[in-house]
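Have a look at the structure below before the remarks.
The values are calculated or read from the model by the stated rules, or taken from the named source; none is laboratory data. The structure displayed is predicted, hence computed values, not measured ones. Backbone-built Cβ (ideal geometry, glycine too); neighbour counts: all protein chains shown.
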Amino acid sequence: MVFSSTVFTFLFLPVVLALYYLAKERYRNAILLAASILFYAYGEPYFVFIMLASVLLNYLFALWIDKHRGTRKASIILAADVILNLGILFVFKYLDFSIRVIDSVFKRDLAPIGIALPIGISFFTFQAMSYVIDVYRGTAAVQKNPLNVALYISFFPQLIAGPIVRYNTIAEQIQKRTCSLEKFGEGAKRFMTGFGKKVILANNLALVAEEAFRQTDFASGTLAYSWLGAIAFSLQIFYDFSGYSDMAIGLGKMFGFEFLENFDYPYISSSVTEFWRRWHMSLGQWFRDYVYIPLGGSRKGTGRTIRNLLIVWLLTGIWHGANYTFIFWGLAYYVLLLVEKYVIRPEKRGKVIRVFWRIVTLLCVNFLWVLFNSPSMNYAMNYLLSMAGWFRTPLGLTAPAVLRIFREYGIYYLLGILFAMPVWKKLEGKLAASKKGCAVLSYVFPVLYMLMFLWAVSFLILGAHNPFIYFNF
């Protein structure tokens with residue numbers, strides 16, 4: 001089940017909300033847990049048991065660690081928990097890829113097993129591990145109630161595509177939280193914002209991106225067509241993933257929870273470092289706190305820093321998928337960050353260099369999304385070469401395919417570029433600062449949000465393209 005579907009929006013969510021608010025407070029967590037299990041089982045009727053096994057495993061290991069707190073045994077238990085979690089993740093996500101790698105290197109004629117990937121396994125595995133690690137560190141109190149741990153790991157708004165929520169940020173909210181009409185309204189607005197991002201922008205731009213990334217004869221194409229496809233995917237993945245995060249945060253508010261932000265207008269970044277502080281922030285913070293800092297971070301000299309960054313970005317690439325393209329994508333960012341940190345150092349340069357590096361950052365991000373979206377390294381290189389004019393193709397701004405894209409999808413490009421900047425946020429801020437503006441926010445903006453929501457719903461009724469990219473991770 002996906003948020004941007006008629007089943008979820010007009011059946012599942014209203015029923016869950018009605019049950020939740022009609023029930024006494026002591027029953028509300030049980031209702032959310034049952035709804036979360038049903039939500040996951042709707043699309044993954046067998047793999048729901050993998051998710052529940054993860055809940056049980058990490059619940060028991062956290063209790064075991066708490067029992068032996070401060071002893072060497074606690075460290076051994078933690079290591080066993082991490083190994084088991086990563087082992088489960090490896091089997092479902094990376095085993096077939098590893099078999100293909102071994103077969104290609106050693107020529108063993110091995111056949112992939114064909115294991116299906118449980119949706120969201122990377123997200124709920126990392127979330128579960130963070131709980132156990134925090135219990136070990138003493139930064140989170142162990143939870144004796146298994147239903148509360150189950151709700152933390154399986155809560156449906158952020159179960160299958162994040163944001164990755166830390167237990168210590170919502171532990172108190174699981175026990176007791178405030179529900180109000182104002183918070184519900186904020187959540188509904190945030191949900192509609194994400195819904196519009198996903199259905200209106202991401203889904204329509206996906207049609208261009210998928211068409212462009214199906215081309216195989218790059219020599220017969222045009223530069224404009226390849227660039228439009230790459231830009232479409234850059235916008236698609238942003239609105240797809242940030243739209244999901246908006247919906248998750250909004251749904252959390254509707255049930256009284258406060259989740260941390262996951263995106264902060266990454267395409268306005270002035271450097272690659274800033275981009276990764278703004279993009280998928282919960283994942284970056286997870287690797288920072290559970291990998292980079294424990295390895296020593298940047299505290300033990302340049303050599304160790306370079307090594308630690310290599311480990312983090314190699315793992316970041318691997319986390320995103322079992323393919324060479326994701327590994328090289330992560331390593332490419334590693335190289336860019338090293339160049340930026342030790343050579344360019346844009347924060348210490350003049351205005352011209354800073355502006356230049358801002359453009360370079362945006363171009364590099366766009367190029368690397370091509371790598372991210374390609375089925376193989378060979379395809380990615382050909383696509384990038386076509387963008388660089390390697391095949392001596394014409395610019396093609398007036399080619400039929402390009403003109404069709406401008407005519408049918410130009411509005412989505414314009415809206416996508418516009419709302420990738422904090423224009424709407426600043427407008428709301430300025431209006432809130434004046435009495436007349438507050439009236440506009442109170443009466444006009446709700447109408448605009450509702451119209452946007454209805455526009456998005458119309459696409460669903462017409463059967464628009466609708467999968468979430470990050471469900472695969």
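Restricting attention to region 405-417, which residues are of a type outside the set (Gly, Ala, Ser) and within 18 Å of residue 233 (Cβ to Cβ)? Break it down into steps so the answer makes sense when it comes.
Restricting attention to region 405-417, the residues satisfying the condition of being of a type outside the set (Gly, Ala, Ser) are 405-409, 411-415, 417.
Correct list: 405, 406, 408, 409, 411, 412, 413, 414, 415, 417.
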Open item on the list: Whether any residue in region 104-116 is touching a residue at least 12 places away in the same chain (Cβ under 8 Å) and among the β-branched types (Val, Ile, Thr) is what I want to check.
Closed with: yes
TODO: Among residues belonging to region 95-125 that are among the small types (Gly, Ala, Ser) and assigned to a helix (DSSP H, G or I), point out the one that is surrounded by the fewest Cβ atoms within 10 Å (Cβ to Cβ).
DONE: 104
Task: In region 10-62, residue nearest to the chain's Cα centre (by Cα) [restricted to those that are over 28 Å from residue 141 (Cα atoms) and of a type in the set (Val, Ile, Thr)] - done: 16
Open item on the list: Within region 256-368, considering only helices (runs of 4 or more DSSP H) that don't extend past its boundaries, which have at least 1 residues that are out of contact with any strand residue (DSSP E or B) (no Cβ under 9 Å at 6 or more places or on another chain) and over 30 Å from residue 389 (Cβ atoms)?
Closed with: 272-278, 281-287, 302-320
Open item on the list: I'm checking my understanding of the structure. Among residues of region 411-424 that are in a helix (DSSP H, G or I) and surrounded by 12 or more Cβ atoms within 10 Å (Cβ to Cβ), which one is modelled with the lowest pLDDT?
Closed with: 424
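Residue-by-condition table, conditions (1) farther than 19 Å from residue 205 by Cβ; (2) aromatic (Phe, Trp, Tyr):
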{"site": "339", "(1), (2)": "yes, no"}
{"site": "348", "(1), (2)": "yes, no"}
{"site": "360", "(1), (2)": "yes, no"}
{"site": "368", "(1), (2)": "no, no"}
{"site": "377", "(1), (2)": "yes, no"}
{"site": "381", "(1), (2)": "yes, no"}
{"site": "391", "(1), (2)": "yes, yes"}
{"site": "406", "(1), (2)": "no, yes"}
Open item on the list: If residue 141 meets every condition in (1) over 25 Å from residue 458 (Cα atoms); (2) crowded, with 21+ Cβ neighbours inside 10 Å; (3) of a type in the set (Gly, Ala, Ser); (4) assigned by TED's automatic domain parsing to the domain that holds residue 40 apart from one, which number is that one?
Closed with: (2)
TODO: Scan region 383-406 for residues that are polar (S, T, N, Q) and either touching a Ser or Thr at 6+ places or on another chain (Cβ under 7 Å) or at pLDDT 95 or above (or both) and report the count.
DONE: 2
TODO: Within region 139-176, track down each residue that is hydroxyl-bearing (Ser, Thr, Tyr) and closer than 20 Å to residue 42 by Cβ.
DONE: 154
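Looking at 55, 91, 82, 2, which is the one that is more than 30 Å from residue 294 (Cα to Cα) and among the aliphatic types (A, V, I, L, M)?
Working: 55 fails: more than 30 Å from residue 294 (Cα to Cα); 91 fails: more than 30 Å from residue 294 (Cα to Cα); 82 fails: more than 30 Å from residue 294 (Cα to Cα).
Step by step, each of 55, 91, 82, 2 is checked, and only 2 is more than 30 Å from residue 294 (Cα to Cα) and among the aliphatic types (A, V, I, L, M).
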Task: Given (1) within 21 Å of residue 47 (Cβ to Cβ); (2) hydroxyl-bearing (Ser, Thr, Tyr); (3) free of Cβ contacts under 8 Å to residues at least 40 places away in the same chain, index of the condition residue 94 fails - done: (3)
TODO: Give just the number: which of (1) among the aromatic types (Phe, Trp, Tyr); (2) over 31 Å from the mean Cα position of the chain (by Cα); (3) not in a loop (DSSP other than H, G, I, E, B) does residue 390 not satisfy?
DONE: (3)
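Is it true that some residue in region 70-89 is touching an Asp or Glu at 6+ places or on another chain (Cβ under 9 Å), buried (at least 17 other Cβ atoms within 10 Å of the Cβ) and touching a residue at least 60 places away in the same chain (Cβ under 8 Å)? Write out each step before concluding.
Going residue by residue through region 70-89, those that are touching an Asp or Glu at 6+ places or on another chain (Cβ under 9 Å) are 74.
From the residues that got through so far, the ones that are buried (at least 17 other Cβ atoms within 10 Å of the Cβ) too are 74.
Next cut, touching a residue at least 60 places away in the same chain (Cβ under 8 Å) only: 74.
The answer is yes; a qualifying residue exists.
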Open item on the list: For region 345-387, which positions are free of Cβ contacts under 8 Å to residues at least 24 places away in the same chain, over 30 Å from residue 220 (Cα atoms) and among the hydrophobic types (A, V, I, L, M, F, W, C)?
Closed with: 352, 353, 355, 356
